[in-house]
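Below is one structure, written out as structure tokens; comments come after it.
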Amino acid sequence: MKTNANSTAAVPVISVVGLRKSYGSHEVLKGIDLSLLRGEVVALIGPSGSGKSTLIRCLNMMETPSQGVVSFRQQDVGDRFRDTGDKIGIGTLRRHVGMVFQHFNLFPHKTVLQNVTEGPIVVCGRPRQEADALAMDLLNQVGLVDKHAAYPNHLSGGQKQRVAIARALAMEPEVLLLDEVTSALDPELVGEVLAVIKRLGEGGMTMAIVTHEMSFAAEVSSRVLFLDHGIIAQEGRPDDIILNPQNERLRSFVSRFKS
Amino acid sequence: MTYNWDFHSVWQYYDLFVWGLWISVVYTFASILFGVLIGFVACAARLSRWRVLNLMARAYQEIFRCTPLLVQLLWFYYAFPLLVGGSIDNRVAALLTLSLYVGAFYAEIFRSGIVSIDKGQREAAAAIGMSPWQSMRRIVLPQALKRMLPSFINQSVIQFKNTSLVSVISVADLAYMAAVVNGQTYRPLESYTVMALLYIAMLLPLTQAADWIEKRLRVSD
Ligand SMILES: Nc1ncnc2c1ncn2[C@@H]1O[C@H](COP(=O)(O)OP(=O)(O)OP(=O)(O)O)[C@@H](O)[C@H]1O
Ligand SMILES: [Mg+2]
């Protein structure tokens, strides 16, 4: 799977140039250049507060960059929901860029199946039967077909997160953004979620993954970025960054999380 | 001392009680209807990004929540006409005041219901490409309405009782009619007891229903 990035043409699906983000006077991201190539799995690691979530949330405009431009399929993303002129809208961007959250954020008033079909039906306007079939197929892939009629509060954390992944996949996204998707889970439930993500990567899904699971990052990613104080301090193949870190700060960070 | 109860002479005027009760119900429902509309607008203003709208809605809410309803009724009936010149029908003044009063409370109930929904819900909706309006209508509102329902019913029950105040500006509601019957029969104990019983008969089923709904909602959460 690590050959994915090399085997396809190096087309950036989503990229940022000169990305800066401040909250008040606190500058969290201090100039980030990043391109996700098609089929690439990029792991974002770094200390707490280094800006990993902020960066990944800028990629689907969940946070508005203070400076710099996000582009999707080499088209700049504007600041409106709808497409305007030569800029694509935030809504269009998000329709093609899935996101999975640390705290699942499933819709509690909808069943598992309705959670997954909500996007295809409401956003893409697909017929219900078609959306149901797609959703059942995805639920099958994450091993939750038998839970399709359940409400989220009857699921375990690991099951919720797998539904959240199916919900994101139902939009048939070109990129998937995952922000610490196993951090809120009991240790014994982490494996089932990581297995799903690993399979997605093997299937060629382009992903940006924020994680503290170093061995998982080393295993699934084709590239690792080490974020520190709002800049990309180190970048490279997982072998070099995680398994054999040269930089002192990176080495002490990685050793703290290696289990 | 033994009191000689005489409901019979009071009940001769039962048509007045029935008419008064009807008027109270009409004012309650009409003011709830207008109050919901006003509350909806004020809530939208409170949640909007426009600072001016926000401040205006806040001012409205605080004025009506921080003055007694009785004071508002007197002001709209006796003072407001002097301000604008002309006069105001007492029924119009009553309905206007009741609606504005309950609207201020509804606005707060709507607003707190909406902001109580975790912001992760809105983010999840946005992340699959929903517009802010789609996210509000399909994700936030259904959850918020469920949370608002008990306080909404509670406020509406209070509103029914509040209509009794319109009698001070001579709107012929149940309280007003009870006073009329008392004037005819000189039987205050019976007249006012019948009035109280009628209020209870109207509201007891409602408060019971509210408790039941609240319990059911808690189970389904
Ligand atoms: N909405 C916000 N308002 C103000 N400050 C914020 C906001 N969001 C994030 N920050 C600040 O930005 C900095 C980076 O936050 P971010 O969540 O991106 O870090 P992170 O690398 O994801 O950390 P963690 O590993 O703890 O999740 C932190 O100092 C945080 O306090
Ligand atoms: Mg984070």
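Since every read-out is calculated from the coordinates, none of them should be taken as a lab result. Worth saying up front: this structure is predicted, and the values here are computed from it rather than measured. Cβ coordinates were reconstructed from backbone atoms using ideal geometry, including for glycine residues, and neighbour counts include every protein chain displayed.
How many partner chain Cβ atoms sit within 10 Å of a residue's Cβ in peptide B:128-137, on average, as a whole number?
Details: counts 17, 18, 8, 7, 2, 1, 4, 1, 0, 1.
Taking the mean over all residues of the peptide, I get 6.
Per DSSP H run of at least 4 residues, take -39500 (n - 2.57); add these up for chain B, divide by its residues and hand me the 222 nm value, nearest 500 deg cm²/dmol. All intermediate terms of the calculation are to be shown ahead of the outcome.
Numbers: 11 runs with 171 residues, N = 221.
It lands at -25500 deg cm²/dmol.
When the Cα atoms of the range A:17-163 are enclosed in a convex hull and the volume is divided per residue, what value in Å³ results? Spell out each step's value before the answer.
On the way: hull volume 22.3 nm³, N = 147.
Looking at the range A:17-163, the number lands at 152 Å³ per residue.
Quick one: among A:GLU248, A:GLU180, A:GLU27, which has the greatest mean-square fluctuation in a GNM of chain A with alpha-carbon springs under 10 angstrom?
For chain A, modelled as a Gaussian network with Cα springs under 10 Å, the answer is A:GLU248.
Mean residue ellipticity at 222 nm from the helices of chain A, using -39,500 (n - 2.57) per DSSP H segment of n ≥ 4 over the full residue count, to the nearest 500 deg cm²/dmol?
Taking each H run of at least 4 residues, the total per residue is -9500 deg cm²/dmol.
May I ask for log10 I(q)/I(0) of the range B:47-163 at q = 0.10 Å⁻¹, from a Debye sum over the Cα atoms as equal point scatterers with solvent left out?
Per q value, in the given order, log10 I(q)/I(0) is -0.43.
For the residues A:GLU118, B:GLU190, A:GLU130, what sequence is obtained by ranking on other C-beta atoms within 10 Å, fewest first?
Numbers: A:GLU118 24, B:GLU190 20, A:GLU130 13.
Ranked by crowding around the Cβ, least crowded first: A:GLU130, B:GLU190, A:GLU118.
What nm distance separates the two modelled labels at B:TYR14 and B:TYR78, each placed 7 Å from Cα along Cα→Cβ?
Using points 7 Å along Cα→Cβ, the separation is 3.8 nm.
What Kirkwood Rh does chain B have if only Cα atoms enter the pairwise 1/r average? Answer in Å.
Details: mean 1/r = 0.0505 Å⁻¹.
Kirkwood radius, chain B: 19.8 Å.
How large, in Å, is the range A:123-259 by the Kirkwood hydrodynamic radius built from its alpha-carbon pairs?
On the way: mean 1/r = 0.0603 Å⁻¹.
Kirkwood radius, the range A:123-259: 16.6 Å.
Can you give the Kirkwood hydrodynamic radius for the protein assembly as shown, in Å, rounded to one decimal and based on Cα pairs? Show your work: numbers first, answer last.
Working: mean 1/r = 0.0375 Å⁻¹.
The answer is 26.7 Å.
Per q in 0.15 Å⁻¹, report the Debye log10 I(q)/I(0) for chain A, using one uniform scatterer on each alpha carbon and no solvent.
Per q value, in the given order, log10 I(q)/I(0) is -1.12.
Which of B:LYS146/B:LYS215; A:LYS110/A:LYS147; A:LYS21/B:LYS119; A:LYS87/B:LYS119; A:LYS21/A:LYS52 have a Cα-Cα distance over 18 Å? Each step should come with its number before you reach the end.
Details: B:LYS146/B:LYS215 12 Å; A:LYS110/A:LYS147 13 Å; A:LYS21/B:LYS119 21 Å; A:LYS87/B:LYS119 27 Å; A:LYS21/A:LYS52 12 Å.
Over 18 Å Cα-Cα: A:LYS21/B:LYS119; A:LYS87/B:LYS119.
Which aspartates and glutamates have a Cα less than 18 Å from the Cα of A:LYS160, not counting those fewer than 8 places away in the same chain?
By straight Cα distance, A:LYS160 reaches A:GLU118, A:ASP137, A:ASP146, A:ASP179, A:GLU180, A:ASP186, A:GLU188, A:GLU192, B:ASP118, B:GLU123, B:ASP221.
In chain B, which helices (entire DSSP H runs) extend 18 Å or more along their own long axis, judged by Cα positions, while averaging at least -1.0 on the Kyte-Doolittle scale? Walk me through the intermediate numbers first.
Numbers: long enough: B:14-47 (48 Å, 1.72); B:51-65 (21 Å, -0.05); B:90-115 (38 Å, 1.07); B:141-162 (29 Å, -0.03); B:188-220 (48 Å, 0.56).
Sorted by number, the helices that extend far enough and score high enough are B:14-47, B:51-65, B:90-115, B:141-162, B:188-220.
Provide B:PHE29, B:PHE160 in ascending order of the number of other Cβ atoms located within 10 Å of each residue's Cβ, fewest first.
Working: B:PHE29 13, B:PHE160 20.
The most exposed by this proxy come first: B:PHE29, B:PHE160.
Return the Rg/Rh value of the range B:1-115, two decimal places, where both radii are evaluated on C-alpha atoms and Rh is the Kirkwood radius.
Working: Rg = 19.1 Å, Rh = 16.5 Å.
Ratio of gyration radius to Kirkwood radius for the range B:1-115: 1.16.
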